[in-house]
Amino acid sequence: QAAMDITVKYCHKEMEAYGSCVASNPSTWQHKCHELKIKVAQCTSSHPVIQKIRQDCSTEFVEFERCLRENQDKPTSCSSYVARFLGCAETVDLSGVGKSLLKLATHNSRYRR
């Protein structure tokens with residue numbers, strides 16, 4: 001849940017646009033929504049917590065993406081892969097990442113003054 005909260009917090013606009021595109025184009029979403037998918041990926045890949053989750057749950061994430069490629073006309077059939085990825089994400093130890101974020105925030109605030 002923490003991973004999804006962070007993704008929504010930092011990438012809400014991108015995720016909303018991509019989700020709307022997929023829902024509006026059930027048989028052609030893979031092609032029509034490709035640029036929006038890239039924007040979501042760029043947004044999420046820049047956040048340390050999400051990077052850690054993707055690293056620790058890379059197998060589940062790759063399986064989910066493979067399912068989407070193989071089921072372009074019925075993306076909802078990949079819900080079990082989403083569940084596995086989210087289940088993995090909830091088990092990731094983020095304690096070290098939190099310390100890194102705190103250091104980064106402290107470091108950045110010094111330069112804003």
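Of note:
- Accessible area expressed per residue, the range 1-96, with surrounding protein chains retained (probe 1.4 Å, Å²): 62
- Spin-label pair LYS9/ASP73, simplified geometry with 7 Å Cα→Cβ offset, distance in nm: 4.2
- With K and R counted +1 and D and E -1, the other residues having a Cβ less than 12 Å from that of GLU60 yield a net charge of -1.
The values are calculated or read from the model by the stated rules, or taken from the named source; none is laboratory data. Keep in mind that this is a model prediction, so the values were computed, not measured. For neighbour counting, all protein chains shown are included, and Cβ atoms are generated from backbone atoms with ideal geometry for every residue, glycine included. Side chains included, ligands, DNA and RNA excluded: accessible areas come from the protein's heavy atoms. Shrake-Rupley method; radii C 1.70, N 1.55, O 1.52, S 1.80 Å.
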